[in-house]
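Please read the structure below before turning to the comments.
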Amino acid sequence: MNRRPSNIIGDSLEMRSVHEAIKIAAHNSVNILILGETGTGKELIAREIHDRSSRKFESYVKIDCVALPETLLESELFGYKKRAFTDARYDKPGKLEIADRGTAFLDEIGDLSLDVQAKLLRFLEEHSFEPLGSTTTIHVNVRIIVATNRDLVDMTRSGKFRQDLYYRLNVFPIHRPPLRARQGDVLLIADYFLNIYRRHYSRADLKLSDEIKKEFAKHGWPGNIRQLKHAIEYAVLKCKDNTIAVKHLPARN
């Protein structure tokens with residue numbers, strides 16, 4: 001089976017460094033910490049590492065650490081047994097158990113509570129855990145990749161993030177540069193998204209004007225790749241002829 005095409009676009013010096021880091025990470029089953037601003041595409045890196053690794057035919061499981069309250073996040077990670085709490089009507093495996101032999105990606109790791117951080121640290125040390133309401137220890141072989149847009153070093157100094165957990169996770173850090181630091185890649189990424197929306201909206205005739213290309217190249221893109229993606233889709237919907245111009249873009253900050 002061929003590996004799916006990479007969605008990580010860019011040939012700038014900054015991105016060449018990222019591509020090299022992905023290659024190293026994929027062939028070494030160590031913990032990975034992906035750092036970068038919101039909207040830079042940190043999950044794409046996690047998925048690329050998994051797809052290039054020896055675990056590529058096993059599960060890739062994402063856990064969004066900011067989307068769930070602490071009590072639900074713990075049961076999401078470790079699972080629970082029937083009657084572990086009021087609404088536990090059946091046994092449910094946790095995401096770490098589901099990811100056995102594969103990869104677990106924990107997004108926005110900086111938002112974990114100190115209590116869950118302690119339990120995650122124990123898991124990283126022992127590669128095992130007990131589901132909520134159970135005394136049975138489950139052992140798993142999971143590749144852990146985490147990501148955050150926060151300054152974990154600063155958080156360790158202020159006591160908001162465990163230093164021992166930080167060192168466990170920060171075995172091989174990968175820095176995802178913001179779009180403003182890789183302006184040479186902006187038009188490559190814009191063309192990538194334009195091709196997607198050409199097909200999606202059956203607008204094969206669409207192209208970017210020279211004017212909008214200049215605008216894209218000089219814009220700071222505070223929302224990074226996510227902002228550029230949304231701008232392209234909006235412009236495709238607004239444009240009634242075959243050339244996307246600056247007037248078709250959404251209001252930008």
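The values are calculated or read from the model by the stated rules, or taken from the named source; none is laboratory data. Values in this document were obtained by computation on a predicted structure and should not be read as measured data. Note that we place each Cβ from the backbone using ideal geometry, even for glycine, and neighbour counts take in every protein chain shown. For the accessible areas, the whole protein counts, side chains as well, though only heavy atoms, and no ligand, DNA or RNA atoms are used. Shrake-Rupley method; radii C 1.70, N 1.55, O 1.52, S 1.80 Å.
Quick one: putting +1 on the C-beta of Lys and Arg, -1 on the C-beta of Asp and Glu, what dipole do you get for the chain around its Cα centre, in Debye to the nearest 20? Working shown, then result.
On the way: 41 positive and 34 negative charges, 136 e Å.
Computed about the Cα centre, the dipole is about 660 debye.
For TYR167, what accessible surface area do you get with a 1.4 Å probe? Give it in Å², rounded to 10.
Per-residue accessible area (TYR167): approximately 140 Å².
Which value, in Å² and to the nearest 10, is the accessible area of ASP205 when all protein chains are kept and the probe is 1.4 Å?
That residue has around 90 Å² of solvent-accessible surface.
Only Lys, Arg, Asp and Glu count, each charged at its Cβ (+1, +1, -1, -1), so figure out the dipole size of the stretch 161-253 about its Cα centre, rounded to 20 debye. Let's see the in-between values first.
Values: 18 positive and 9 negative charges, 37 e Å.
Roughly 180 debye, rounded to the nearest 20.
May I have the convex hull volume per residue, in Å³, for the Cα set of the stretch 68-149? Please list the in-between numbers first.
On the way: hull volume 7.2 nm³, N = 82.
Hull volume normalised by residue count: 88 Å³.
Just the number, please: Stokes-Einstein D of the stretch 7-77 in µm²/s, Kirkwood Rh from C-alpha pairs, 4 °C, 1.567 mPa s.
94
Give the carbon-plus-sulfur fraction of the accessible surface of the stretch 1-126 in %, rounded to a whole number; probe 1.4 Å, heavy atoms of protein chains only.
Details: 3100 of 6300 Å².
For the stretch 1-126, the apolar C and S fraction of the accessible surface comes to 49 percent.
Pulled fully out, how much extra length does the chain show between THR71 and LYS23, if you take 0.36 nm times their separation in residues and subtract their Cα-Cα distance? Walk me through the numbers on the way to the answer.
Details: separation 48, 0.36 × 48 = 17.28 nm, distance 3.61 nm.
The span from THR71 to LYS23 would gain 13.7 nm if fully extended.
Taking Cα atoms, how many degrees apart are the long axis of helix 114-126 and the longest axis of the chain, rounded to 10 and kept between 0 and 90?
80
Let me check against my output: what whole-number percent is the relative contact order of the stretch 1-119, with C-alpha pairs under 8 Å and at least 6 apart?
Relative contact order of the stretch 1-119: 25 percent.
Over the Cα atoms of the stretch 1-150, how large are the radius of gyration and the largest Cα-Cα distance (Dmax), in Å?
16.3, 54
How long are the semi-axes of the equivalent ellipsoid of the stretch 107-232, defined as square roots of 5 times the Cα gyration tensor eigenvalues? Whole Å, largest first.
Each semi-axis is the square root of five times an eigenvalue, giving 42, 19, 11 Å.
Counting only DSSP beta bridges with both residues in the chain, tell me the antiparallel percent, nearest 5.
15
At ILE9 and TYR201, where each label point lies 7 Å from the Cα along Cα→Cβ, what is the point-to-point distance in nanometres?
It works out to 1.5 nm between the two label points.
Taking only C-alpha pairs under 8 Å that are 6+ residues apart, what is the relative contact order of the stretch 109-203 in percent?
Working: 50 pairs, mean separation 23.7, N = 95.
With pairs under 8 Å counted, the relative contact order is 25 percent.
Want the number for SER134 to ARG226: 0.36 nm per residue separation, take away the alpha-carbon distance, what's left?
On the way: separation 92, 0.36 × 92 = 33.12 nm, distance 4.11 nm.
My answer for the length gained is 29.0 nm.
If you keep only loop residues by DSSP, which trypsin sites (Lys or Arg not before Pro) in the stretch 9-59 have at most 11 other Cβ atoms within 10 Å of their Cβ? Show your work: numbers first, answer last.
Working: sites: ARG16, LYS23, LYS42, ARG47, ARG52, ARG55, LYS56; in loops: ARG55, LYS56.
The qualifying sites: there are none.
Would you be so kind as to identify which of TYR234, THR137, PRO222 lies farthest towards the positive end of the dipole of the stretch 134-237, taking Lys and Arg as +1 and Asp and Glu as -1 on Cβ and the Cα centre as origin?
Checked the options; the winner is THR137.
Lysines near LYS62 by alpha-carbon distance under 25 Å, same-chain residues fewer than 8 away left out - which ones?
Partners within reach: LYS23, LYS42, LYS81, LYS82, LYS92, LYS95, LYS119, LYS160, LYS229.
Averaging sequence separations of C-alpha pairs under 8 Å and six or more residues apart, then dividing by the length of the chain, give the relative contact order as a whole percent. Each step should come with its number before you reach the end.
On the way: 425 pairs, mean separation 59.6, N = 253.
Rounded, it is 24 percent for the chain.
Find the accessible area per residue for the stretch 108-173; the probe is 1.4 Å, ligands and nucleic acids are left out, and the unit is Å². Walk me through the numbers before you get to the answer.
Values: 3230 Å² over 66 residues.
Here the per-residue accessible area is 49 Å².
What 222 nm value per residue comes from the helices of the chain, counting each DSSP H run with n ≥ 4 as -39,500 (n - 2.57) and dividing by all residues, nearest 500 deg cm²/dmol? Kindly include the intermediate steps, with their values, before the conclusion.
Details: 10 runs with 103 residues, N = 253.
That comes out to -12000 deg cm²/dmol.
Eigenvalues of the Cα gyration tensor times 5, then square-rooted: what semi-axes does that give for the chain, in whole angstrom, largest first?
Each semi-axis is √(5λ); the values are 38, 20, 18 Å.
Roughly how many debye, to the nearest 20, is the charge dipole of the stretch 1-112 about its Cα centre, given +1 on each Lys and Arg Cβ, -1 on each Asp and Glu Cβ, and no other charges?
Details: 17 positive and 19 negative charges, 128 e Å.
Here the size comes out at about 620 debye.
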